[in-house]
Amino acid sequence: MRVMIVEDEPNIVESLSFVFSREGWQVVAALDGDTAIGHLLDEPPDVLVLDVMLPPHSGFEVLKRVRSEPSLRHLPVLVLTARGQEKDRHTALRLGADAFVTKPFSNRDIVQQVRELAVGKEGTDGAQTGC
Amino acid sequence: MATPLIGLKIRERRKEIGLTQTELAGRIGISVSYLNLIEHNKRSIGGRLLHQVADELAVGPEVLDGATERRLAGDLNEVVADPLFDRNRLDPQAIDGLVGRYPAWAQALVTLHRAFLDRSKAMHALADRLNHDPFLGDAIHRILTNISAIRSISEILTSVDDLDAERQRRFHTILSEESARLSSAAQGLSTFFDKAHTATRSTTPAEEVDDFILENHNYFPALEVAAADLLRRLDAPPRQLEERMLERLELDHRLNISRAGPEDERLRSARNPLRYSQHSRRLILLDSAPAATRRFAIARLLARLTFGAEIEAIIAESATLTTPAACERAAIALQSYCAGAVLMPYDRFLEDASRARYDIDLLRRAHGASVEQVCHRLVTLRRPAAEGIPFAFMRSDPAGFVTKRFPLPNLPLPRYGGACPLWAVYQAFQAPDTVVRQLAEFPSGDRFLFVARAVVKGDNAYGQPRQLLSIMLACDALYADQVVYGDRLDLSASAPADRVGATCRLCARNDCPQRQEDVIIQPQSLEET
């Protein structure tokens, strides 16, 4: 499985990359939204882990762009939000986020969420394939 | 207050210092029977005679004419109008009695109410900052991000047994970095809350300064003397005054003066046409600022550097100014007072005002001042035996926030929030830079002439928002025939006038289509017949 992390904090990217790699997943990382969009269009991952506070465009703008691209419309997106920022959750939901993890998160929780999204995607892909 | 107590006060004070009616009447040159009528409130007293009586009784005229009590009663009226007391059904008739019999209790109530409003403002300001401040949002996100990294790395270190040594070192380094960032973010947050607290406390000092100026009737004789003395030393015709003031700043105060280029102009604040650094003793003049604003700012800086001792002495004597912040604000207000006194010297300005029948534009041109500077100076013409017309002054922003006020005894101006929306001060916003005059009648029957004008403050660069302020002078309609703005107005008591109030909550005009809130006070004396 291929997971893309879009997060401007290199230390979080490093720790999550390590954790995801231990699960046997292939990890791609981007520190800003523009780089992320480029990678996403070149080679879409199975799950996108997206922080909402990104330079220069916010994670919401990346999410909006993802949902506007036909090839990425069904990409499962896990959004990282800060605890207590309810308005961020509402915005992300409106823009098409599939799941949330609030900072500070535990490694176990985020792995679990990514796994569930991946399983869901497989189901969707299967259904689509079956159509 | 409804009942004038002036006669009673004269009698009480006369007896207190052991003077007979005959002795006092003889000293002030009136008959004993006339003094007797005054003491029984059967004859009114004011002007020079009141000042003479006050001098003989060794008290200030404000002690005798009840100005202090009227102000306190006005403040209490605002307290009673607070929605907080809606259910208490406070009887406004009792205000006079409370002020007359228990002035200390009345003052305590006003103080308590102000403290309550201060706390409420602080609470709302803090809540607002917590909800909307972008710094706070960023800081919290930063802290949570640092914690996320620390938590994630810690979990790896405790749960993964086969980490190689290099990886362990790397993760320990990350832990150290993120801990340091977390500390820094937490310190920033702590500083933010300190500043937020300080900022919200500034409301009380502003009110202290407000009261300090009212208590002094906006007239400071020591500063008038000092300003007149400085003007003599400057020895300059009005056209060269700015130049001479700059010379004094350069020579006496050793300031290094330069002129700002266009790139600085764009950044200038409308409130500050010059930049002064005390540390480097540099003064940068923003040349394209409005001339009146620049001259005033130069005069204020000269006053600040020249009259420090005089200003400090006045502040030190005041019992009203209790906090360093209030003293600082008062010092700035007094520096501005001095600037007005230097640019518009008392005697000449009073004479010009009287001759021009208080035409603000004529005075503005004659003294090279702005509308606001002239209006402000007119209010300070309170020297005993050389007084101008008593004016109230009010300055409001378009949101109705009163940014400056100086009331008259029988014309209370709101301290908090807006006044009656029918007042000329608000109508003036509809046509900036146009004089709006209004003969206004209050439910009590008192009539005032309102003269207002909305002016653009400063001279902003393209793209900067304009700061629009409305400035209003008000005088008792009795004086309207002495000012140019009363011309061609029917000033007879039966002439039609705009029916206004103080604020909705204090106004008994129940049929007013402009009403925004229910009236809380319905005193019989204010009810319409």
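None of the figures in this text is laboratory data; all of them are computed from the coordinates on show. These numbers come from a predicted model, not from an experiment. With ideal geometry, Cβ positions are generated from the backbone for all residues, glycine too; neighbour counts draw on all protein chains shown.
In this structure, B:Glu517 and B:Gln240 have a Cβ-Cβ separation that, at R0 = 51 Å, corresponds to a calculated FRET efficiency of about 0.40. Where both bridge residues fall in region A:1-120, DSSP classifies roughly 0% of the beta bridges as antiparallel.
Distance between the 7 Å Cα→Cβ label points at B:Arg383 and A:Glu116: 8.3 nm. In plain terms, the chain from A:His74 to A:Arg108 could stretch by 9.8 nm, reckoned as 0.36 nm per residue minus the Cα-Cα distance.
Label sites at A:Asp8 and B:Leu136, each approximated as a point 7 angstrom past Cα along Cα to Cβ, lie 2.2 nm apart.
Sorting B:His113, A:His39, B:His367, B:His172 on the 10 Å Cβ count, fewest up front, what's the list?
By the 10 Å Cβ count, ascending, the order reads B:His172, A:His39, B:His113, B:His367.
Using only side-chain charges placed at the Cβ, +1 for Lys and Arg and -1 for Asp and Glu, the dipole size of region A:2-130 relative to its Cα centre rounds to 420 debye.
Put in order of Cβ neighbour count within 10 Å, fewest first, the listed residues B:Trp105, B:Trp423 become B:Trp105, B:Trp423.
Most simply put, the protein assembly as shown has about 60% antiparallel DSSP beta bridges, counting only bridges with both residues inside it. Amide H contacts of B:Arg383 (H built 1.01 Å from N, in plane; Pro and chain starts excluded): B:Gly388 sit under 5 Å, all sequence-distant by 5 or more or on other chains. Sorting the Cα pairs of region B:317-363 by distance into bins of 5 Å, from 0 upward, gives 5, 19, 17, 15, 13, 11, 11, 7, 1 percent per bin.
A Förster radius of 35 Å, combined with the Cβ-Cβ distance separating B:His172 from A:His90, puts the computed FRET efficiency at roughly 0.35.
A viscosity of 0.692 mPa s and a temperature of 37 °C, combined with the Kirkwood radius over C-alpha pairs in the Stokes-Einstein formula, give the protein assembly as shown a diffusion coefficient of 107 µm²/s.
The residues B:Tyr102, B:Tyr426, B:Tyr479, B:Tyr358, when put in order of fewest to most other Cβ atoms within 10 Å, stand as B:Tyr102, B:Tyr479, B:Tyr426, B:Tyr358. Between region B:166-191 and region B:204-228, the C-alpha centres lie 53 angstrom from each other. Net charge of the neighbourhood of B:Ala149, taken over other residues with C-beta under 9 Å away and scored Lys/Arg +1, Asp/Glu -1, is -2.
Across peptide B:137-146, the average count of Cβ atoms from other chains found within 10 Å of a residue's Cβ is 5. Dipole magnitude for the protein assembly as shown: about 1600 debye, using +1 per Lys or Arg Cβ and -1 per Asp or Glu Cβ, origin at the Cα centre. Counting every C-alpha pair in chain B, the share spaced more than 47 angstrom apart comes to 24%. In the frame of its principal axes, region B:24-145 has Cα extents of 87, 33, 19 Å, reported largest first. Cα-based radius of gyration for region B:389-526, normalised by 2.2 N^0.38 Å, reads 1.08.
With a Förster radius of 30 Å applied to the C-beta separation of B:Ser159 and B:Met123, the computed FRET efficiency comes to 0.10. Once you reduce region B:423-477 and region B:6-44 to the center of their Cα atoms, the two points are 42 Å from each other.
Within chain B, how many Lys pairs sit with Cα atoms under 26 Å apart, leaving out pairs fewer than 8 places apart on the same chain?
6
With both residues required to sit in chain B, DSSP beta bridges show an antiparallel share near 85%. Calculation over all alpha carbon pairs of region B:207-367 in 5 angstrom steps from 0 returns a P(r) of 2, 8, 16, 18, 20, 17, 12, 6, 1, 0 percent. Using just its DSSP H runs of length 4 or more, each adding -39500 (n - 2.57), chain B gives a mean residue ellipticity at 222 nm of -16500 deg cm²/dmol after division by all residues. Each 5 Å bin from 0 upward holds the following percent of the Cα-Cα pairs of region B:9-69: 4, 19, 34, 31, 10, 2.
The convex hull drawn around the Cα atoms of chain A, when projected onto a plane and averaged over every direction, covers 7.5 nm².
Determine the distance separating the Cα centre of region B:60-107 from the Cα centre of region A:26-52; give it in Å without decimals. Taking the Cα centre of each part, region B:60-107 and region A:26-52 sit 69 Å apart.
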